[in-house]
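One structure below.
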Amino acid sequence: ALLAAGYGRGVHELWARRGAGEVVPVWRVAAFGGGVVVMLAADSGPLATLARGSFAGHMTQHMTLMLVAGPLLAAGAAGLPLSLACPASLRRRLARVRSAPATRRLRRPATTALLAGAVQTLVLWVWHLPAPYVAALDRPVVHVVEHVCFVAGSWLLWAPVLGAARHRLPPPVAVLLLAGTMLPASALGAALTFAPQPIYPLLALGPDPVADQQLAGLLM
């Protein structure tokens, strides 16, 4: 709710000054709103029920957050609207941080892309290790943190691909970035698909837990 409200306030300020659809086009606002809706849908309703009933359902939930919600939020180009929604004092601090030499180096599209790819891979692998995965299912707070990590990592990854033009990668480099991050995810999916027994034995559900795990690996 805070994320949506902050984005909405920032867009309202921009459109009040420049005109509706200026700076942040309508389609970007719609994309951001869609990302928020997808996050809500993934954590409630039929998809959440499916996630509680099977490993494959849980993987569907994770992939929805990473491959649908994250890219939609990134397409919303939320940096400027969220900055404008901050109080003036915080806005000044953010401006000083952005203008620092180290931050300017990190904000170069190529640097951001490499960092984003590393973060995405780390988040994906760490949260699918047995101990963190079981902890997330046992503790609601850890589960929320897990989903926030998935969305934030995906948002960061897709920002230089779908975000504002001034921060966007050239298309060939963007394709290389996505292919590079796809390989570790495919390796994890293969590990789940070809494992001879359940990797998370405490979570083995249904009449055939191995088949459920194989389907989850194929989904990844």
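Every read-out reported here was derived from the displayed coordinates using simple, explicitly stated rules and does not represent laboratory data. Keep in mind that this is a model prediction, so the values were computed, not measured. For neighbour counting, all protein chains shown are included, and Cβ atoms are generated from backbone atoms with ideal geometry for every residue, glycine included.
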*asked:* Restricting to Cα atoms and excluding each atom paired with itself, what does the Kirkwood estimate give for the chain in Å?
replied: 18.8 Å
_Explain nothing, just compute: Karplus ³J(HN,Hα) = 6.51 cos²θ - 1.76 cosθ + 1.60, θ = phi - 60°, for every residue of the range 84-89 in order, whole Hz, x for Gly and Pro._
5, 6, 6, x, 4, 5
_Distances longer than 24 Å among the Cα atoms of the range 76-203: what percent of all pairs is that?_
44 percent
*asked:* I'd like the orientation of helix 2-18 relative to the chain: the angle between its Cα long axis and the longest Cα principal axis, in ° from 0 to 90, rounded to 10.
replied: 30 degrees
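Please compute the net charge surrounding Thr111, taking Lys and Arg as +1 and Asp and Glu as -1 over other residues with Cβ under 13 Å from its Cβ. The partial results should precede the final answer.
Working: positive: Arg104, Arg105, Arg107, Arg108; negative: none.
Net charge in that neighbourhood comes out at +4.
May I ask for the net charge around Ala16, where only other residues with Cβ less than 15 Å from the Cβ of Ala16 are counted and Lys, Arg are +1 while Asp, Glu are -1?
Details: positive: Arg9, Arg17, Arg18; negative: Glu13, Glu22.
Within the 15 Å Cβ shell, the charges total +1.
Taking K and R as +1 and D and E as -1, what net charge do the other residues with C-beta under 13 Å from the C-beta of Arg91 add up to?
Values: positive: Arg9, Arg92, Arg93, Arg96, Arg98; negative: Glu13.
Residues near Arg91 contribute +4 overall.
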